[in-house]
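All remarks here apply to the structure that follows.
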Amino acid sequence: MASDQQKENGQKSGTYEAGCHCGYIKFSVTLSPPLPEYKVLNCNCSSCSHFGYLLVYPKATDVVWHNNGRERCASYRFNTKKKDQMFCPKCGASLGIDFLKWFPDHTYGISVRTFYGINLDELDYKKLDGINKVEPSTDLAGHVWNEEKQELQ
């Protein structure tokens with residue numbers, strides 16, 4: 001469920017409670033503009049496809065982690081190894097991406113699938129052909145684990 005607000009600059013925003021499936025990780029996200037006006041990214045790259053991401057991009061200051069939620073997250077890094085794919089270590093739910101220092105302002109890519117009480121069919125989506133437009137332009141799925149070395153490449 002969202003709570004609607006008006007930011008100091010007069011822009012509308014909405015705050016959404018979110019978390020993993022089991023409730024071990026909980027957080028709230030403030031988006032401006034609020035859903036459904038905010039365009040949600042629907043990307044077909046290997047990670048978004050396999051993790052089920054439908055992403056919004058709040059600044060880290062607009063995400064409030066409850067009960068040390070960020071520290072509770074398990075993470076997975078691949079390719080550039082500069083971003084954390086965040087997961088619940090208890091139920092395995094994929095939460096989104098911590099871009100760490102990828103952008104000048106610390107930013108998250110949070111999957112709206114983690115938001116409580118929203119209808120995904122009512123959202124506005126922006127499609128991204130990430131499999132062809134995000135470097136490296138290929139499907140990395142199934143090609144990150146080195147079986148011989150028993151480690152991630």
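The values are calculated or read from the model by the stated rules, or taken from the named source; none is laboratory data. All values reported here derive from a predicted model rather than from experimental measurement. All Cβ positions, even for glycine, are placed from backbone atoms using ideal geometry, and neighbour counts span all protein chains on display. For accessibility, only protein heavy atoms count, side chains too; no ligands or nucleic acids. Shrake-Rupley method; radii C 1.70, N 1.55, O 1.52, S 1.80 Å.
Checked against the criterion of being at pLDDT below 95 and within 18 Å of Gly19 (Cβ to Cβ), region 60-74 has no qualifying residue. Among the residues making up region 67-103, those that are touching a Phe, Trp or Tyr at 6+ places or on another chain (Cβ under 6 Å) and hydrophobic (A, V, I, L, M, F, W, C) are Ala74, Cys88. In region 39-61, the residues that are in contact (Cβ under 8 Å) with a residue 12 or more places away in the chain form Cβ pairs under 9 Å with partners that are charged (D, E, K, R) and open to solvent by less than 20 Å² (accessible area, probe 1.4 Å), at six or more places apart or across chains, as follows: Ala60/Asp98.
Given the criteria farther than 12 Å from Ile110 by Cα and either surrounded by fewer than 18 Cβ atoms within 10 Å (Cβ to Cβ) or of a type outside the set (S, T, N, Q) (or both), does Tyr53 qualify? So Tyr53 fails the test. Any residue in region 117-129 that is open to solvent by less than 30 Å² (accessible area, probe 1.4 Å), out of contact with any Gly (no Cβ under 6 Å at 6 or more places or on another chain) and either free of Cβ contacts under 8 Å to residues at least 12 places away in the same chain or over 17 Å from Thr15 (Cα atoms) (or both)? Within region 117-129, none of the residues are open to solvent by less than 30 Å² (accessible area, probe 1.4 Å), out of contact with any Gly (no Cβ under 6 Å at 6 or more places or on another chain) and either free of Cβ contacts under 8 Å to residues at least 12 places away in the same chain or over 17 Å from Thr15 (Cα atoms) (or both). So, of the residues in region 76-92 that are at pLDDT 95 or above and open to solvent by less than 80 Å² (accessible area, probe 1.4 Å), which turns out to be nearest to Gly109 (Cα to Cα)? Among residues in region 76-92 that are at pLDDT 95 or above and open to solvent by less than 80 Å² (accessible area, probe 1.4 Å), the one nearest to Gly109 (Cα to Cα) is Met86. Starting from region 1-30, take each residue that is farther than 23 Å from Cys88 by Cα and at pLDDT 95 or above and list its partners that are among the hydroxyl-bearing types (Ser, Thr, Tyr) and in a loop (DSSP other than H, G, I, E, B), counting only C-beta distances under 7 angstrom and pairs at least six apart or across chains. Partner pairs satisfying both residue conditions: Ser13/Ser32. Mind checking whether some residue in region 5-13 is within 13 Å of the chain's Cα centre (by Cα) and open to solvent by less than 50 Å² (accessible area, probe 1.4 Å)? No, because not a single residue in region 5-13 is within 13 Å of the chain's Cα centre (by Cα) and open to solvent by less than 50 Å² (accessible area, probe 1.4 Å). Looking only at region 66-75, which residues are under 13 Å from Gly96 (Cα atoms) and without any contact (Cβ under 8 Å) to a residue 40 or more places away in the chain? Of everything in region 66-75, those that are under 13 Å from Gly96 (Cα atoms) and without any contact (Cβ under 8 Å) to a residue 40 or more places away in the chain turn out to be Ala74, Ser75.
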